[in-house]
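Below is one structure, written out as structure tokens; comments come after it.
Since every read-out is calculated from the coordinates, none of them should be taken as a lab result. Computed from a predicted structure; not experimentally measured. Methodologically, a virtual Cβ is constructed for each residue, glycine included, from the backbone with ideal geometry; neighbour enumeration extends over all protein chains shown.
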Amino acid sequence: MQRRPPRITHERIIHSKVDLSDAAAVREAAVEIAREGREGRKIGTLFVVGDSGEVIKRSKPLILDPLLGHPDESKQIEDPDMRETIKELAQLDGAFLVSNAGVVLSAARYIDAASDSLDLPLGLGSRHMAGASISRQTRAVAVVVSESSMVRMFDDGELVSEIVPELWMIDGYTSRMEGRIFTRR
């Protein structure tokens, strides 16, 4: 039997900045948004995971926060009701802030982080720049859903993963059966 070469795993990419199960749950929500869109149209969004205190300092609400005042128990990223709420709120401008404990703390936030010395591939827009910038300036990881249906992850200001949802879903299903979840760079 021929062995497949090892793949880059999500766990090796992120340098223990965030709880890996929460990052995986955010990645899965991002893939769902990229694949499904909302009401027949493609949408993009940004998730910032971890280092919530610093990210709050470097961001501000674009509108009255629709998640403010709700109990943390109902804002868990893995809760199916919260996932549907995220899909609705993703149609608004701004980023989602997710704590290390997997709580979606805030929605529709403007990320105010300098983008000096970032080296991003051409063609990536302001959402990607904001994700890369905040991941460089804090200990957070950014997960960006582009309107072209790609999911990209940033760690320390660098693009560390690109996910094509349709391919990931096929591979993700296989990987879950093996007891682990992988992403590709």
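Derived scalar couplings between HN and Hα for region 82-93 equal 5, 4, 5, 4, 4, 4, 5, 6, 5, 6, 7, 5 Hz in order, rounded to whole Hz, by the Karplus curve 6.51 cos²θ - 1.76 cosθ + 1.60 (θ = phi - 60°), x for Gly and Pro.
Could you pull out the GluC sites (Glu not before Pro) across region 77-159 that fall in loop regions by DSSP (anything but H, G, I, E, B) with no more than 14 other Cβ atoms inside 10 Å? Show your work: numbers first, answer last.
Details: sites: GLU78, GLU84, GLU88, GLU147, GLU158; in loops: GLU78, GLU147.
Loop-located and lightly packed - GLU78, GLU147.
Can you bin region 64-124 into rounded, prolate or oblate? Criterion: square roots of the alpha carbon gyration tensor eigenvalues sorted a ≥ b ≥ c, rounded for a/c under 1.5, prolate for a/b above b/c, oblate for the rest. It comes out prolate by the Cα gyration axes. Taken one residue at a time, the phi angles of region 44-58 give Karplus couplings (6.51, -1.76, 1.60, θ = phi - 60°) of x, 7, 9, 10, 10, 10, x, 6, 4, x, 5, 5, 4, 5, 9 Hz. Gly and Pro are set to x. Each Lys or Arg adds one and each Asp or Glu subtracts one; over the other residues with Cβ under 13 Å from the Cβ of ALA130, this totals +4.
Contour minus end-to-end for ARG41 and VAL164, with contour as 0.36 nm per residue of separation and end-to-end as the Cα-Cα distance? Could the numbers behind the result be given before it?
Details: separation 123, 0.36 × 123 = 44.28 nm, distance 1.73 nm.
Length difference between fully extended and current span is 42.6 nm.
By its C-alpha gyration tensor, with a ≥ b ≥ c as the square roots of the eigenvalues, how is region 27-161 shaped: rounded for a/c under 1.5, else prolate for a/b larger than b/c, else oblate? Oblate is the answer for region 27-161, as a/c is 1.5 or above yet b/c matches or exceeds a/b.
Amide H contacts under 5 Å for LEU105: LEU97, VAL98, SER99, restricted to partners 5 or more places along the chain or on a different chain, H placed in the peptide plane at 1.01 Å from N.
Contact order normalised by length for region 21-173, with contacts defined as Cα pairs under 8 Å and 6 or more residues apart; what percent is it?
On the way: 310 pairs, mean separation 44.6, N = 153.
About 29 percent, as a whole number.
For SER161, the residues 5 or more places off, or on other chains, whose built amide H falls under 5 Å of its own are MET153.
Name the shape class, rounded, prolate or oblate, that the alpha-carbon gyration tensor gives for region 108-150, where a ≥ b ≥ c are the square roots of its eigenvalues, rounded holds for a/c under 1.5, and otherwise prolate holds if a/b is larger than b/c and oblate otherwise. Verdict is oblate for region 108-150. Along its three principal directions, the equivalent ellipsoid of region 83-164 from the Cα gyration tensor extends over semi-axes of 20, 15, 12 Å, largest first.
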